Structures are given as C-alpha cells and as structure tokens.
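Take a look at the structure set out below.
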Amino acid sequence: MNELFFLQPDIISALARGLWVSVQLIIPSSLFGVIIGVTVGALRVYGNPLVKRIADGYVLVFRGFPLVVQLFIWYFGLPHIGIYLTSFGASVLGFSLCSGAYQSEYVRGAFLSVKTGQTMAARALGFSGIKTVLFVTLPQAFRRALPGCGNEIIYLIKYSSLAYMITCIELTGEGKIIASDSFRFTETFMVIGAIYLVLTSVAAWILRRLEDRLYIPGFEQYS
Amino acid sequence: MTESLIVLYGALPYLLRGSLVTIAVVAGAMMLGLVLGIHLAVGQVYGGRWLRRVIGVYVWFFRGVPLLVLLFLFYFGLCSLLQINLSAFTVSVIVLGLISSAYQSQIFRGAIMSLPQGQLKAARALGMSDGKAIALIILPQTLRLSIPGWSNEYSIVLKDSAVAYALGVMEMMARAHFVASRTYEHLPLYFAAGFLFMILTYLGTKGLRILEEKVRIPGYSA
Amino acid sequence: MADTVPILRIEHMTKRYGDKEVLKDASLSINKGELKVLIGPSGGGKSTLLQCINFLIKPDRGRIWLDGTEIIRAKGKALYAYRQKVGMIFQDFNLFDHLTALHNVQIGLVRVKGMQAKAAKERATQELDRVGLKNHMHQYPAELSGGQKQRVSIARALAMDPEIMLLDEPTSALDPELISEVLDAIRTLRSSGMTMIMSTHQIGFAGEVADELIFLEKGSIVETGPPAKILYDAEYPRTRDFCSKITELYANSSS
Ligand SMILES: Nc1ncnc2c1ncn2[C@@H]1O[C@H](COP(=O)(O)OP(=O)(O)OP(=O)(O)O)[C@@H](O)[C@H]1O
Ligand SMILES: [Mg+2]
C-alpha cells in the first residue's frame with residue numbers, strides 16, 4: 001500500500017500538473033534570461049559610458065538581492081504602485097531578470113576574452129563591423145560563455161521552486177499539498193527531489209554534449 | 001514618502017537584529033560546508049574508487065535538488081521520521097551547510113588538483129604519513145587558493161539563506177515581510193532587506209579579499 | 001666484519017605498469033660513503049628505481065636491506081621511520097611552496113622527528129648555512145632561483161640525518177649557469193662521507209665523483225663498474241654506444 005501511494009492516479013496527475021507548471025516557468029525564464037544576458041552583456045562591453053553604467057547597475061542590484069526578495073518585490077510590492085501580476089507572471093519576470101543579470105556576467109567575460117587581434121585580422125580581410133561580430137566574435141564568445149550560461153540554466157531549474165513562496169503552485173507546491181494532505185512528508189519530498197534531480201541531470205548532460213560538440217582543439221576555456 | 005521613511009526607520013533595528021540571524025545561519029552553514037567540503041575533496045582526490053564514487057553521488061545529489069525541497073524534506077520529513085526535534089534555524093544551517101559542502105568540495109578539489117603533485121612525494125620522502133602530508137602541505141596551499149571561490153560561495157549562501165524564511169526562521173527577509181504585511185509598506189521594506197543583503201555580501205567578500213592578501217605566499221602568483 | 005655489510009642493498013627490484021616492465025630485476029648494493037651514479041637513456045627507469053628504493057613507488061617485487069636489516073612490511077610507522085633514513089632530492093625540487101626556506105627544512109624535524117621548534121630552527125639554520133643559504137632562509141620558494149631551491153631541498157633532506165641520499169637528476173631542471181652551485185654542494189656532501197645514489201645526465205660530473213657507474217636501460221641494469229671502465233672501456237656494446245654518444249655530446253657542449 002505504502003509503495004503504491006505514488007502510483008495513485010490523482011497523485012500522479014497532481015505531480016504531472018506541478019511538473020508542467022515548473023516547465024512553463026523554466027523554459028520562458030531561461031529564454032528571456034539568455035536574451036537579457038546577451039543584450040546586457042554586450043552593452044556592458046560595447047555600450048557608451050552611460051549605457052555601461054546603467055547595465056552595470058542593473059547587474060549589481062539583481063545579483064545582489066536574493067531571488068526571494070526580488071520575487072516578493074514583483075508579487076507583493078508592485079501592487080502598491082498599481083501593477084498587478086499573477087504569481088506565475090511575477091515568477092517568470094523575477095527569474096528572467098535575475099537570471100539575465102547572472103548570464104550577462106558570462107557573456108561579458110566571453111566578449112572581453114575574444115582577443116583584439118582576431119577583430120583586427122577580420123577587418124584586415126575586409127569584413128565589415130557587423131560581419132566581424134557575426135562570424136568572428138560571436139562564434140568564439142559563444143563557446144566561452146556556454147559553460148557558465150548553461151550552469152545558470154541548471155541553477156534556474158532549481159530556483160524555479162521558489163515560485164512556491166509567492167503562491168505559484170508548481171512542482172514543489174504540489175508536493176507540499178500532497179505531503180500535507182497525506183502526512184507523507186519524507187516520501188513526497190524524496191519524489192519531488194528526485195524529479196528535480198532528473199531535470200538538472202538531463203540539463204547538465206545536454207550541456208556537456210553541446211560543449212563536446214562545439215569543442216575546438218587548443219581553444220582553451222580561459223586564455 | 002515620508003510615511004514610508006518613518007516606517008522604515010522604525011523597522012530598521014528589527015531588520016538589523018534579523019541580520020544577526022542571517023549572519024548566524026550563513027556562518028554556521030559555511031563552517032559546516034568548509035569542514036565537510038575539505039573532507040569530501042580530499043576523499044575525492046586521494047580516496048579509493050568506492051569512496052570517490054560515493055562522494056560523487058553525494059555531490060550530485062546536493063547540487064541537483066533545490067534548497068527549498070531539501071528544507072521541506074529535512075524539516076517536515078526526516079526530522080519527524082527519525083523523531084529528532086530540531087529547530088527551523090538548525091535545520092536551515094544543516095541543509096545550507098550540506099549543499100554548500102557539495103559546492104565547496106569542488107572548489108577545494110580544483111585547488112588540490114592545481115597544486116604541483118611533487119610536494120606530496122617530497123613530504124612522503126621526509127617520512128610524513130599521508131594524513132600529515134595532506135594536513136601540513138596540501139591543505140594550507142589548497143585553502144589559500146580557494147579563497148576567491150569561497151568568497152563567491154559565501155555570497156551565494158548568503159542570498160540562499162533568505163529561503164530559510166520558508167521554515168519560519170526570523171532572518172532579514174522574514175522580518176521585512178512581517179513588517180511589510182502589517183504596515184503595507186512592502187516596497188521600501190523589501191528594498192531595505194535587499195540592500196542589507198548587498199551590504200553583507202560586500203563586507204564578507206571584502207574581508208575575504210583582505211584575508212587573501214594577508215595569507216598570500218610572497219613571490220607566488222597563481 | 002661490520003665494514004663488509006653494505007649500508008643499502010636491493011635485490012630483484014621489479015616494477016611494471018600494465019604490460020610494460022619499467023624495472024626488471026634490478027639489484028645493487030652500496031657501502032657507507034660510496035657514491036653510485038645511475039646513467040642511461042631517458043625512460044630507462046632511473047627515476048623509477050630511485051623511487052622504489054624509498055617506496056614512493058611501490059615495487060611489485062624485490063627486497064631491500066638497510067644496515068643489514070631487511071625492510072619488510074613497508075607500511076605505517078616502519079615505513080615513515082625508514083624514509084627518514086633515506087633522504088631524497090628531486091629533479092624539480094618539490095619544495096613546499098607555502099613555507100619559507102627555513103620552514104621547509106624545519107617542518108620535517110618538528111612534525112616527523114618530533115623535535116622542539118627552537119632546536120629544529122637551530123638545526124635548520126645550520127643546514128641552510130652549510131649550503132650557503134643562511135641569508136635567504138626567510139625567503140619563499142617562489143623568491144628563490146632554481147639553484148637555491150635545489151640547495152634548500154638538499155638542506156631539507158640532510159636535516160633529517162639520513163644514512164643515505166637518493167638524488168634524481170638534481171641538476172636537470174636548472175639553467176646552465178646554476179648547475180655548478182648544486183654540483184659543488186654535492187661534492188661537499190661527498191667529501192663529508194655521505195652515501196649517495198644519484199641519477200644524472202651530467203656524465204662528466206658522474207665520471208669525476210662516482211665510485212661506480214650503473215648503466216640502466218629499458219629497466220635493466222646492463223653493466224656496472226668504475227667510471228673509467230664504463231665510459232671508455234665498457235663490456236657491452238649498448239653501454240659503449242650510449243657512453244660514446246653522451247661523452248661526445250658532453251665534450252661539445254662543455255667547451
Ligand atoms: N605511472 C606510470 N605509468 C606508466 N608508465 C610509467 C609511469 N611512470 C613511468 N613510466 C614509464 O616507465 C619508464 C621509466 O621511467 P623513468 O621515469 O624511471 O625513466 P628515467 O630513466 O628516469 O628517465 P629520465 O631520464 O627521462 O628521467 C618510462 O618508459 C616511463 O614512460
Ligand atoms: Mg627520471
């Protein structure tokens with residue numbers, strides 16, 4: 001009986017529902033996070049001084065505030081200035097902005113690491129500015145940024161559980177409900193933990209595959 | 001606006017007392033993570049195949065499961081299952097410490113592996129046991145090299161400690177929310193909490209940078 | 001009677017990595033005050049042999065006697081005690097990077113021999129003085145030249161009062177102009193009566209100071225004898241080959 005608990009249809013469907021919400025949180029947030037990260041990272045390297053300043057300030061605050069605090073600001077704080085977000089919307093907003101700030105660090109580092117000699121060589125071959133960025137800078141920067149950015153996404157998978165703290169019932173939230181209803185706290189959170197473990201492991205595996213695929217001999221991570 | 005400031009001013013001592021709780025949680029977790037992390041790292045580098053495998057699983061587990069889930073698992077699950085009565089504070093320190101030990105072990109492992117391995121041979125050749133050689137020769141250098149990574153880990157654990165609010169630990173975040181929900185001054189209070197976290201990050205990392213400079217080995221650039 | 005017992009004797013030393021036999025049944029013995037030099041091509045097994053002698057590499061087979069007593073069950077306390085009596089000098093010094101020259105020498109005395117810090121410091125200072133580094137004793141390895149580092153490592157080994165020293169290419173990692181200071185230290189050591197087994201590619205130096213040369217190739221001791229014989233009148237063609245090549249090289253490079 002005990003072992004079969006997690007095979008009951010309503011439990012399974014609750015877990016599946018939670019997992020689906022989590023996935024809906026994770027995928028858009030990581031996409032927005034990457035977009036923000038690349039944009040802000042590029043601005044921090046190539047922008048004019050004012051833009052750089054603003055971008056640096058954004059990163060400072062969004063990496064400095066705990067994610068929980070940010071989520072509370074979006075969900076409980078914004079209504080005070082007349083903006084009402086659903087807990088789901090506030091979560092995606094919070095995850096994207098926070099993740100983007102972290103992502104931009106890796107992107108910035110990657111852009112900075114592409115040696116100026118490479119740009120000059122491209123220019124000397126007659127590449128335009130845009131073409132230089134597209135065909136020389138980006139492919140190199142992408143490889144350098146990939147491990148860090150990929151790890152950020154793995155972090156995001158785990159941090160998506162914090163949506164529960166602003167009442168968005170995703171996987172952890174469903175788990176909390178199941179556990180409280182059944183008083184099976186240990187088993188339930190073991191199962192929930194295992195599901196996250198699968199998600200993070202699969203993400204890590206994909207990331208490793210991607211890194212191997214893009215491997216270039218002699219192109220060191222940090223040179 | 002002025003009203004907000006008055007509320008904030010009144011709440012500040014209360015928040016600051018919360019910062020002491022935050023500091024206690026983080027200090028406890030970092031220390032637990034340090035002690036466990038060193039052992040895990042040494043085991044992972046010098047241990048036998050089985051030990052390495054077990055440590056690998058440990059690290060994989062604690063790096064792959066969300067903090068919040070582990071807090072719930074330990075506090076609501078394991079504590080009552082094993083009939084041990086631990087406070088939310090203690091559970092938070094333990095869980096944050098276990099997670100941190102997994103991350104710290106990787107910092108230390110990297111540092112150990114970056115050391116020239118001949119020194120271990122030289123220590124053995126002098127008649128040192130492996131334990132002595134690791135404690136006297138390998139670890140002092142490992143810990144020095146690990147300070148930047150450790151500093152980064154500190155800033156992560158510090159921010160993660162806000163999640164302890166979910167168990168009702170009255171740290172900064174919990175107190176900010178507590179006051180906010182009574183005074184309806186959410187934004188100023190959250191921002192105050194956020195900035196306090198930033199200040200703690202700054203102070204901690206600054207302190208570690210000073211420490212790093214202080215224990216730097218002359219002539220050695222790594 | 002006592003004089004006829006070699007201070008160190010090894011027999012049938014064998015080591016393999018997978019299918020590759022890097023040390024084949026090597027035997028040698030050395031009397032007190034002697035200096036024996038291992039020569040031979042790179043990869044011949046010199047380092048392996050030396051490290052097998054103090055069990056830094058665990059030989060698959062072979063027996064070792066120090067002072068007529070066999071070293072059996074080389075584990076734990078017995079192993080640590082044995083290693084204290086066998087000093088070792090490495091090609092790349094292996095100084096402890098986080099300790100000053102003084103502390104590099106002191107740490108073994110305090111932490112292995114259990115000496116009081118003060119007495120250990122005195123002894124360490126004395127040893128550093130002997131290799132001419134008293135003025136550098138508060139410097140860290142990264143602040144020393146290669147030659148100075150190697151001399152610190154000699155002082156570190158000597159402070160333990162070893163009965164025999166193993167030197168594995170002590171000058172190979174040094175810039176040419178720094179080699180002589182280390183060779184001088186070894187000469188001094190030799191005249192003070194220290195028993196030593198050294199591997200080196202400095203064939204000229206080997207010929208000058210060695211009591212005996214041991215030619216090691218592909219893991220086997222091919223030939224052993226006094227320098228004059230090995231260098232100019234070797235029995236085996238392989239020894240002759242190696243020696244003629246390397247003496248030629250030496251003649252060219254040292255001119
Ligand atoms: N850990 C190991 N695994 C496999 N093979 C090894 C290992 N260590 C050494 N060898 C091999 O053993 C052989 C002997 O090596 P050794 O270092 O003793 O030679 P050597 O005479 O000291 O050479 P050199 O003059 O270059 O220092 C070499 O062929 C080497 O490749
Ligand atoms: Mg060698």
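Would you point out the residue of region B:188-203, among those that are farther than 16 Å from residue B:8 by Cβ and more than 8 Å from chain A (Cβ to nearest Cβ), that is most open to solvent (accessible area, probe 1.4 Å)?
Ranking the candidates gives B:202 first.
Working only within region C:18-64, note down all residues that are within 16 Å of residue C:200 (Cβ to Cβ), of a type in the set (A, V, I, L, M) and within 12 Å of ligand 2 (Cβ to nearest atom).
Hits for region C:18-64 are C:38, C:39, C:49, C:50.
Could you tell me which residue of region C:56-107 is surrounded by the most Cβ atoms within 10 Å (Cβ to Cβ), considering only residues that are of a type in the set (Val, Ile, Thr) and free of Cβ contacts under 8 Å to residues at least 60 places away in the same chain? Let's see the steps before the verdict.
Pass one, region C:56-107, residues of a type in the set (Val, Ile, Thr): C:57, C:64, C:69, C:71-72, C:86, C:89, C:100, C:105, C:107.
Still in the list and also free of Cβ contacts under 8 Å to residues at least 60 places away in the same chain: C:57, C:64, C:69, C:71-72, C:100, C:105, C:107.
Details: C:57: 18, C:64: 21, C:69: 10, C:71: 20, C:72: 10, C:100: 21, C:105: 31, C:107: 22.
Within region C:56-107, the match that is surrounded by the most Cβ atoms within 10 Å (Cβ to Cβ) is C:105.
Only strands (runs of 3 or more DSSP E) wholly contained in region C:143-226 count here; list those with 2 or more residues that are closer than 30 Å to residue C:19 by Cβ and within 15 Å of ligand 2 (Cβ to nearest atom).
C:164-168, C:195-199, C:212-217
When only residues in region C:134-168 that are in contact (Cβ under 8 Å) with a residue 40 or more places away in the chain and among the small types (Gly, Ala, Ser) count, which is most open to solvent (accessible area, probe 1.4 Å)?
Here the answer is C:142.
Specify the residue that is most open to solvent (accessible area, probe 1.4 Å); the eligible residues are those in region C:178-227 that are in contact with a Gly (Cβ under 7 Å, 6 or more places away or on another chain) and within 16 Å of ligand 1 (Cβ to nearest atom). Before the answer, list the steps.
Of region C:178-227, the ones in contact with a Gly (Cβ under 7 Å, 6 or more places away or on another chain) are C:178, C:181-182, C:193, C:195, C:212-213, C:215-219, C:227.
Cutting the leftovers down to within 16 Å of ligand 1 (Cβ to nearest atom) gives us C:213, C:215-219.
Details: C:213: 0, C:215: 0, C:216: 0, C:217: 30, C:218: 144, C:219: 0 Å².
The residue in question is C:218.
Can you tell me which condition residue B:211 does not meet? The list is (1) crowded, with 18+ Cβ neighbours inside 10 Å; (2) of a type in the set (A, V, I, L, M, F, W, C); (3) part of a helix (DSSP H, G or I), and all the others hold.
Answer for residue B:211: the failing condition is (1).
I'd like to verify a number: residues in region A:1-49 that are surrounded by 15 or more Cβ atoms within 10 Å (Cβ to Cβ) and more than 24 Å from residue A:173 (Cβ to Cβ), how many?
Qualifying residue count, region A:1-49: 12.
For region A:174-187, which residues satisfy the criterion of being within 26 Å of the chain's Cα centre (by Cα) and at the interface with another protein chain (Cβ under 10 Å from one of its Cβ atoms)?
Selection gives A:175, A:176.
Name the residue, out of B:185, B:153, B:212, B:171, that is at the interface with another protein chain (Cβ under 9 Å from one of its Cβ atoms), acidic (Asp, Glu) and in contact (Cβ under 8 Å) with a residue 24 or more places away in the chain. Give the steps one after another, and end with the answer.
Working: B:153 fails: at the interface with another protein chain (Cβ under 9 Å from one of its Cβ atoms); B:212 fails: at the interface with another protein chain (Cβ under 9 Å from one of its Cβ atoms); B:171 fails: at the interface with another protein chain (Cβ under 9 Å from one of its Cβ atoms).
Result: B:185 is the single residue among B:185, B:153, B:212, B:171 that is at the interface with another protein chain (Cβ under 9 Å from one of its Cβ atoms), acidic (Asp, Glu) and in contact (Cβ under 8 Å) with a residue 24 or more places away in the chain.
Tally the residues that are in contact (Cβ under 8 Å) with a residue 40 or more places away in the chain and surrounded by fewer than 22 Cβ atoms within 10 Å (Cβ to Cβ), restricting the search to region A:174-193.
Here the count works out to 5.
Could you please let me know if residue C:42 is away from ligand 1 (no atom under 15 Å from the Cβ), surrounded by fewer than 16 Cβ atoms within 10 Å (Cβ to Cβ) and of a type in the set (Gly, Ala, Ser)?
no
Quick check on region A:64-75. Is at least one of its residues surrounded by fewer than 15 Cβ atoms within 10 Å (Cβ to Cβ) and under 15 Å from residue A:152 (Cβ atoms)?
no
The values are calculated or read from the model by the stated rules, or taken from the named source; none is laboratory data. The model shown is predicted, which means the values in this text are computed figures rather than measured ones. Positions of Cβ are generated from backbone atoms using ideal geometry, with glycine treated the same way; all protein chains shown enter the neighbour counts. We work out accessible area using only protein heavy atoms, side chains counted, and drop any ligands, DNA or RNA first. Shrake-Rupley method; radii C 1.70, N 1.55, O 1.52, S 1.80 Å.
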